[in-house]
Amino acid sequence: MTGLTETELHGLVGHRFAGGRYRIEHWENWLLTDCTGREPLPDGLVHPIVLFHVPILGVGTSITELFELGGVSGPGSVGLEGYDWEYFGPLHEDVEYRMEGGIVSLERIIDDAGRTVDRMAFEITLFDEAERMAARITNRWVLRR
Amino acid sequence: MSEPATVHVGDEIPPWTMPSVDPARMRTMAAILRDPYSVHWDREGNAALGLPGRVINQGPLNLGYIVNMLLAWAGPSCVRRLTVSFGRPVLDGDIVTARGRVTAVTDVDGERRATCEVWLERDGEHVVTGTAVVVLVGDQSDD
């Protein structure tokens, strides 16, 4: 199964997420940090790995919706290729960040095992309450057909 | 251990080890991420992937171990950029160690920054590899 035709696939490039806002609460940061195996950071600093889920949820989408957009489901259908995360300053709890972004590239390739694989990248930018750029992420996923 | 104020190219970052990747933490993480992907909690479902009885750790957690190494070394607000690629999956019960090495020290926007080659290894195999840029502001290690 290929899920999406190449035309449908290329049509997703430029897709913009709804955009929105997200406030990282203390409990969420505490649990997330605990999952990494360390103590909470001081002074309301959030653990840097919030840049996985906070941009996705804050921009008004979800992992489920991204899977649906890419036409994939089931175990083994999605893999992480890589991240490029930039921090223009430390991120904090209880700050409302505004986010915007979209899908920036999609490429269909045949992998070494002869399977059809789509490489999808999406980029999201976070702005703080003064509208300064706070962070920017580019995530690259592999969608297996 | 290097003091960040006196960091030099070639310095090794003190490693950070997760002694056993915990499936309970994967379940909590799945809830926080609102992640429906069953590979993180459905052991039987992973049989089709050739991983019967095992669950796969989230990529952000694998990166989190690398970040914890950086935070312990250079302080709680040190991270400026993370660029990583994911290789092999990390499974519950795995012992993984984050390691890194300084490849450049530069002054940018009034900050002294170190660019570091970083990786996560399991039994000597690199399962995550990449580059981190951190700010050096004296000995601000928090551990």
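Overview of values
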{"read-out": "Spacing of the two label points (7 Å from each Cα toward its C-beta) at B:His8 and A:Val95, in nm", "value": "3.6"}
{"read-out": "A:Trp30 paired with B:Thr28, simple spin-label distance in nm, labels 7 Å along Cα-to-beta-carbon", "value": "1.1"}
{"read-out": "Whole-percent carbon and sulfur share, accessible surface of chain A, 1.4 Å", "value": "49"}
{"read-out": "Whole-percent carbon and sulfur share, accessible surface of chain B, 1.4 Å", "value": "49"}
{"read-out": "Accessible area expressed per residue, region B:1-126, with surrounding protein chains retained (probe 1.4 Å, Å²)", "value": "42"}
{"read-out": "By average C-beta atoms within 10 angstrom, highest first, the peptides A:77-87, B:34-44", "value": "A:77-87, B:34-44"}
{"read-out": "Segments B:77-84, A:69-76, B:26-33 sorted - mean Cβ within 10 Å per residue, highest first", "value": "B:77-84, B:26-33, A:69-76"}
{"read-out": "With Cα atoms, 0 to 90° folded angle of helix B:59-74 axis to chain B main axis", "value": "30"}
{"read-out": "Formal net charge of residues neighbouring B:Val9 (Cβ-Cβ distance under 12 Å; K, R +1; D, E -1)", "value": "-2"}
{"read-out": "B/A buried area, accessible surface, summed, 1.4 Å probe, Å²", "value": "3100"}
{"read-out": "With Cα atoms, 0 to 90° folded angle of helix A:26-36 axis to chain A main axis", "value": "60"}
{"read-out": "Simple spin-label estimate for A:Ala18 and A:Asp111 in nanometres, 7 Å along Cα-Cβ", "value": "3.2"}
{"read-out": "A:Arg144 accessible area, assembled protein chains, probe 1.4 Å, Å²", "value": "90"}
{"read-out": "Shielded by partner chains, region B:60-105 residues - at least 50 Å² of accessible area, 1.4 Å probe, vs chain alone", "value": "B:Pro60, B:Asn68, B:Pro76, B:Arg80, B:Arg81, B:Leu82, B:Phe86"}
{"read-out": "Average beta carbon contacts from partner chains per residue of A:43-50, 10 Å cutoff", "value": "6"}
{"read-out": "In degrees, nearest ten, helix B:23-33 long axis to first principal axis of chain B (Cα)", "value": "80"}
{"read-out": "Relative contact order of chain B, defined on C-alpha pairs under 8 angstrom at six or more residues apart (%)", "value": "31"}
{"read-out": "Cut-off 11 Å between beta-carbons: net charge of the residues surrounding B:Ala132, Lys and Arg +1, Asp and Glu -1", "value": "+3"}
{"read-out": "Loop trypsin sites (Lys or Arg not before Pro), region A:40-132 (other Cβ atoms within 10 Å of the site Cβ: 12 or fewer; DSSP)", "value": "A:Arg115, A:Arg132"}
{"read-out": "Label zone at B:Thr83, where the point sits 7 Å out along the Cα-to-Cβ direction: region A:124-138 residues whose backbone N lies under 16 Å", "value": "A:136-138"}
{"read-out": "Prolate/oblate/rounded call for the protein assembly as shown, Cα gyration tensor, a/c under 1.5 rounded", "value": "prolate"}
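The values are calculated or read from the model by the stated rules, or taken from the named source; none is laboratory data. Keep in mind that what you see is a predicted model, and the values were worked out from it rather than measured. Glycine also receives a Cβ, built like all others from the backbone with ideal geometry; neighbour counts cover every protein chain displayed. Just so you know, the surface numbers come from the protein's heavy atoms only, side chains and all, with ligands and any DNA or RNA stripped out. Shrake-Rupley method; radii C 1.70, N 1.55, O 1.52, S 1.80 Å.
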